[in-house]
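The values are calculated or read from the model by the stated rules, or taken from the named source; none is laboratory data. On a predicted model such as this, the values are computed, not experimentally measured, just so you know. Cβ placement follows ideal geometry from the backbone for every residue including glycine, while neighbour counts extend to all protein chains displayed.
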Amino acid sequence: MIRAVNLSRHFGRIEAVKNIDFHIRKGEIIGFLGPNGAGKSTTMNMITGYLAPSAGRISIDGIDIVDSPEDAKKLIGYMPEHPPLYLDLTVDEYLNFVTEFKKVPKSRRKAGLETIRDLVKIDDVRKRLIKNLSKGYRQRVGLAQALVGNPPLLILDEPTVGLDPKQIIEIRELIRDLGKEHTVVLSSHILPEIQATCHRILIIDKGRIVASDSPENLSGRLSGAFGAARQKLLIKGDAYAVRAALEKIPALGSLSAGKGPEDGLSEAVITAADEGDIREDVFRALAAADLPILQMGPMDLSLEEIFLNLTTDEEEA
Amino acid sequence: MLAIFKKELKTYFLTLTGWIFLAVFLLVSGILFSTQLVFPGNSQYTMFLTGLLFIYVFVIPLLTMRIFTDEKRFGTDQLLLTGPSNLWGIVLGKFLAALAVFLITIAVTFIYPVLLSFHGKLDWPMIIGSYFGFILLGAAFIAIGVFISQVSEGVVSAAVLTLCAIVITFIIDFMQQYMPTTELSGLVWAVILIAIPLSWLYTSGKNWAVTAAVALVLAAVLLFTWFFGRSLFIGLIGKSMGWLSLSRRFGSFSIGILSLDAILYYLSFSGFFLFLTVQSLEKRRWS
């Protein structure tokens, strides 16, 4: 559906996207994952023809977006990071304009809009001015706009940003539904967000693709590296005593211990040298030293750590 | 194009912009009409229209300042530029919508000559001709405004720049006579005039070979003219500034002459600025 070859984009001297290649098949739900400023939006803007690539080519269903933009753009529904809404229009006026602008045949306009309104659940605000809508409704009208004309490819830039948890779940379900009939590309800087909906994740960092895999494989790779081998502990006792006790573990890789959140408690982060399960050793060592473990659990990986992990992996490979 | 035209026209009258334009235009023209024609018992309607030209300085920026600046501000240009429409469709739709608001307003002022005709004999062909010129001139100013709103970042700067541009076209006739008229000054000016499209050619294509070839051809033409038709350079600055004097060509309309070259001049002037707008939109995609 989308084929990008050697895609680059620079703004002045800043290289936002560096020489990336990807291929997205029909019917896939793909997630672009990356921190802010990684090049996700730039890439999406290039796919949709809003920005021209500095180098490389993109084709949508075999049609080059730079050579024949009008044909290629007909296949795409795009929701940018900030929904492109005309605040002075009502929802109905706005969607009618978009329908006409996207050259949807007259006979299909009414039925098409009805389906979309039902799908994104904006039927109860259709007569209201867009400027009076809440963030969640605006997001949905933005999504409705992308669905106009039933394009086979949907590009959604951070579709759930700024929504409350209930709305996020609704939008996720909607995206999964849409994925049955459309190819969907969405972006996020939140891992669980993408894990929940996508078949495949492309991780983008500093303008490059650092990983491309299914969510299961990706989280497997990540927890394989760190899962049971890295534990965060909350212990009742003095930090020096904790350190002394834990240092006796033979399989110890690294250890850091310090004062805890309350008086008399200490915190420690511990990893195993051979990436094995170290939990039992920790229990025995601390039990022997009479230091009660209050909490023990795998250390949550922040997105930064995932990137760090992936980028260093790539360099070693 | 039609979708954009309809939406823009609707927005003019959903927001205050269209109404303010209508109100200011009719208020100012109404005051002038009363004080210049009705009270003194004067029926020189074309004189009145000529006197009314200065109103463009204030009302055209009002009409055009939001055309592209608001699209950029609210990110709606992403919808327009990623839709299946070409850039000309977008620019023309917006230009024609602004022109339509202008025409609606002008249509209302047509009451004035009708009122006058009850009390005296009017030269209708001359009035119609003046209106025709008035509208063409307005279209040219709107095209300038559309272009400026595309290149400026904010609504206020678009309004101020458009105002300045229109003032300049009015005073350029006056400035013209103070420009140097020597052959050398004409040559320097010609070089500057040639350098502008060349730099555009280079930035849009990034192709040194083509740019250099065009530059060489133009330089040869310049040299040839310098040696064999030097008198062409005399007063060149003044002459080329005269091309920008929009209001001067209005003169022929106000004496009832529909001169073809004035009509073509206004149409090509508007077309040129709309072309620049399209180029600027295209360039934004690349830079």
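For segment A:52-88, the tally of residues that are in a helix (DSSP H, G or I), of a type outside the set (D, E) and more than 7 Å from chain B (Cβ to nearest Cβ) stands at 2.
Residue selection: A:T43 satisfies the criterion of being hydroxyl-bearing (S, T, Y), in a helix (DSSP H, G or I) and crowded, with 19+ Cβ neighbours inside 10 Å. Being assigned to a loop (DSSP other than H, G, I, E, B), within 14 Å of chain B (Cβ to nearest Cβ) and at negative phi is a condition met by at least one residue of segment A:89-99.
With the condition kept exactly as written, say whether any residue in segment A:17-27 is within 14 Å of chain B (Cβ to nearest Cβ) and buried (at least 22 other Cβ atoms within 10 Å of the Cβ).
Of all residues in segment A:17-27, those within 14 Å of chain B (Cβ to nearest Cβ) come to none.
Checked segment A:17-27: no residue is within 14 Å of chain B (Cβ to nearest Cβ) and buried (at least 22 other Cβ atoms within 10 Å of the Cβ).
Candidates B:R230, B:R249: the one that is in the same structural domain as B:L193 (by TED's automatic domain parsing), in contact with a helix residue (DSSP H, G or I) (Cβ under 9 Å, 6 or more places away or on another chain) and not aromatic (F, W, Y) is B:R230.
Scanning segment A:100-121 for residues that are within 7 Å of chain B (Cβ to nearest Cβ) and of a type in the set (K, R) turns up A:K102, A:K103.
Looking only at segment B:65-76, decide whether some residue is in contact with a helix residue (DSSP H, G or I) (Cβ under 7 Å, 6 or more places away or on another chain) and among the basic types (K, R). Yes - at least one qualifying residue is present in segment B:65-76. Would you say B:P125 is more than 30 Å from A:P105 (Cβ to Cβ), assigned to a helix (DSSP H, G or I) and touching a Leu at 6+ places or on another chain (Cβ under 7 Å)? The answer is no for B:P125.
For A:R13, state whether it is free of Cβ contacts under 8 Å to residues at least 24 places away in the same chain and more than 12 Å from every other protein chain (Cβ to nearest Cβ).
yes
Applying the condition of being among the polar types (S, T, N, Q) and over 18 Å from A:K40 (Cβ atoms) to segment A:149-172 and asking which residue is surrounded by the fewest Cβ atoms within 10 Å (Cβ to Cβ) yields A:N150.
Which residue, of A:M1, A:M44, is at pLDDT 90 or above and within 25 Å of A:Q195 (Cβ to Cβ)?
A:M44
Return yes or no: is A:L129 in contact with a Cys (Cβ under 8 Å, 6 or more places away or on another chain) and either modelled with pLDDT of 90 or more or basic (K, R) (or both)? So A:L129 fails the test. Within segment B:24-42, if we keep just the residues that are of a type in the set (A, V, I, L, M) and within 22 Å of the chain's Cα centre (by Cα), the residue that is nearest to the other protein chains (Cβ to nearest Cβ) turns out to be B:V24. Flag: A:D238 does not match the condition of being modelled with pLDDT under 80 and of a type in the set (D, E, K, R). Those helices (runs of 4 or more DSSP H) of segment B:9-86 in which at least 1 residues are crowded, with 20+ Cβ neighbours inside 10 Å, assigned by TED's automatic domain parsing to the domain that holds B:P125 and among the acidic types (D, E), considering only elements entirely within it, cover B:69-73, B:77-81. Considering segment B:169-179, the residues that are in contact (Cβ under 8 Å) with a residue 12 or more places away in the chain and outside any helix (DSSP H, G or I) include one that is surrounded by the fewest Cβ atoms within 10 Å (Cβ to Cβ), namely B:Q177. Residues in segment A:157-192 that are in contact with a Leu (Cβ under 7 Å, 6 or more places away or on another chain) and under 10 Å from A:Q139 (Cβ atoms): A:P159, A:I171. Number of residues in segment A:176-195 that are more than 17 Å from A:G34 (Cβ to Cβ) and either of a type in the set (D, E, K, R) or in a helix (DSSP H, G or I) (or both): the value is 5.
Exactly one residue out of B:Y45, B:Y12 is touching a residue at least 60 places away in the same chain (Cβ under 8 Å) and within 12 Å of chain A (Cβ to nearest Cβ), and it is B:Y12. Residue check: is A:I278 of a type in the set (V, I, T), modelled with pLDDT under 85, more than 22 Å from A:I201 (Cβ to Cβ) and over 31 Å from the mean Cα position of the chain (by Cα)? So A:I278 fits the description; yes. Within segment B:17-48, track down each residue that is in contact with a helix residue (DSSP H, G or I) (Cβ under 8 Å, 6 or more places away or on another chain) and polar (S, T, N, Q). Hits for segment B:17-48 are B:T17, B:S29, B:Q36, B:N42, B:S43, B:Q44, B:T46.
Taking the conditions exactly as written (within 30 Å of A:Y50 (Cβ to Cβ), within 14 Å of another protein chain (Cβ to nearest Cβ) and of a type in the set (S, T, N, Q)), does B:S287 satisfy them or not? Against the criterion (within 30 Å of A:Y50 (Cβ to Cβ), within 14 Å of another protein chain (Cβ to nearest Cβ) and of a type in the set (S, T, N, Q)), B:S287 qualifies.
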